[in-house]
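One structure is given below, encoded as structure tokens.
Every number here is computed from the coordinates shown, using simple stated rules; none is lab data. Bear in mind the structure is a predicted one, so any value in this text is a computation, not a measurement. Note that we place each Cβ from the backbone using ideal geometry, even for glycine, and neighbour counts take in every protein chain shown.
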Amino acid sequence: MRTYTLNIDNKDYEVEVKSFSLQQATLVVNGKTIFVDVKDVSTKASSLTQSGSSPAPAPAPAPTPAAGGKPRVADGPGPAPAGGNGVKAPIPGAILSVEVAEGDTVEAGQLLLKMEAMKMENQIKAPRAGKVSKIFVKVGDAVAQGADLLLIE
């Protein structure tokens, strides 16, 4: 999406807008991924513009650390899955548990992992039977919507 340099209280912030919806935004602020709950989207005219573009959302506080320390942000998706075998994050969130290991055989509908998104625990289940060939995430990772979670062959 877009990248902005914002100066707030005489401090510069590099802000990349990864995704923005009516419910949530995913921002990368000075290299840290931050998930922001959107409370209101206004259509009022604003004086905050950058070269005629729309205003950027302000940086938000960092996400609350997971138990045992600071959350690790996923290094982004792995290689593009061949033939649509990838299981992707349906919405931005944090990985709570990984219930399978590379090499495991799974059945359609089997629980693969749990993630927290928008203060809800979501179960990610296998869309088809197969073998888990690659897992891209670990417990505590923050993932963006559409990020590759694992591959099933």
- Message: On a full-extension model of 0.36 nm per residue, what is the gain between Lys11 and Lys134, subtracting their alpha-carbon distance, rounded to one decimal in nm?
- Response: 40.2 nm
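Order by neighbour count: Val137, Val100, Val143, fewest other Cβ atoms within 10 Å first, most last.
Details: Val137 23, Val100 17, Val143 26.
Neighbour counts put them in this order, fewest first: Val100, Val137, Val143.
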